[in-house]
Every structure is written in structure tokens, then in C-alpha cells.
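Here is the structure we will look at, set down as C-alpha cells.
Bear in mind these aren't lab numbers, they're just calculated from the coordinates by the rules spelled out. A quick note: this is a predicted structure, and the numbers were derived from the prediction, not measured. Positions of Cβ are generated from backbone atoms using ideal geometry, with glycine treated the same way; all protein chains shown enter the neighbour counts.
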Amino acid sequence: MNPLDNLIAHGDLKLVVPYKLPQTVGNEFVGIVKRAGSAVKNFQAGDRVYARTPLDNMGAFAEEIVISEQAVAKVPAYLTDEEAAAVPLTARTVKFLKA
């Protein structure tokens, strides 16, 4: 859980992003692809991936999540799950600040 998840859970961002509560929270995840759709080209079952969920469809703390191929990336082998879980939101923030 990162500070953004905590703010959303407490309703502190409702003026910025009006999530309807109750809501399955979680903006970032690390996981193993269970199965990929027939149109998916870059991932297959068994791949370890991470992502920051789309703003309009969070829910990374769910047991399973369905997410677009464009939203995920393969986790580098040198990262543990704990390390990888800290990357997606931070990386998106850095990308935004550099733009």
C-alpha cells in the first residue's frame, strides 16, 4: 500500500478523482500472468509482470485483476516482488515530471 492508496481509502482525493466507495483499492501490483487473451502479443502465462492500474479502474489488491497489455511490463529478474511493487507509480511520476 502506498500513500496514494491510503488517501483514496480515506476519501481524501474525492475532489480530484471521485471514486465511489466502497472500492477495491490498490494502484500497483506485481503478479504472474494466469492467462493472456488471443490478441496479446507480448505476454504469456507464467510471465511475472507489474503495473500501475488505470485511474478509472484500480483494484490491484484483488485476488485477480484483468488489465490491458499496454498497461503492464515484465518485471526485471533482479527485482524481488517487494522491490518491483514500489516501481510502477514512482516510474509513472518520474515520466510525468520529465515530460
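Computed 3J(HN,Hα) for the stretch 27-42, one whole-Hz value per residue from the Karplus formula 6.51 cos²θ - 1.76 cosθ + 1.60 where θ = phi - 60°, is 9, 10, 8, 10, x, 9, 5, 7, 7, 10, x, 5, 8, 6, 9, 9, glycine and proline marked x. Normalised by the number of residues in the stretch 30-85, the average gap of Cα pairs under 8 Å and 6 or more apart makes the relative contact order 36 percent.
Listed by chain and number, the aspartates and glutamates whose C-alpha is less than 15 Å from the C-alpha of LYS74, apart from same-chain residues fewer than 8 away, are GLU28, ASP47, GLU82, GLU83.
May I ask you to derive the FRET efficiency for ASP81 and LEU15 from their Cβ-Cβ distance with R0 = 35 Å, giving the value to the nearest 0.05? About 0.55, to the nearest 0.05. For the chain, modelled as a GNM whose springs connect Cα atoms under 10 angstrom apart, the maximal fluctuation among TYR50, TYR19, TYR78 occurs at TYR78. Note on ASN6 and ALA73: with the Förster distance fixed at 22 Å, the Cβ-Cβ geometry gives a FRET efficiency of about 0.35. With the charge dipole of the chain set up from +1 on Lys and Arg Cβ and -1 on Asp and Glu Cβ about the Cα centre, the Cα lying farthest toward the positive end among the listed residues MET58, LEU13, ALA36 is that of ALA36.
The alpha-carbon positions of the chain define a convex hull whose volume is 121 Å³ per residue. Cβ-Cβ distance of ALA36 and THR90, R₀ of 25 Å, FRET efficiency by 1/(1 + (r/R0)^6): the value works out to about 0.45. Counting alpha carbon pairs within less than 8 Å and at least 6 residues apart, what relative contact order, in whole percent, applies to the chain? Relative contact order comes out at 26 percent.
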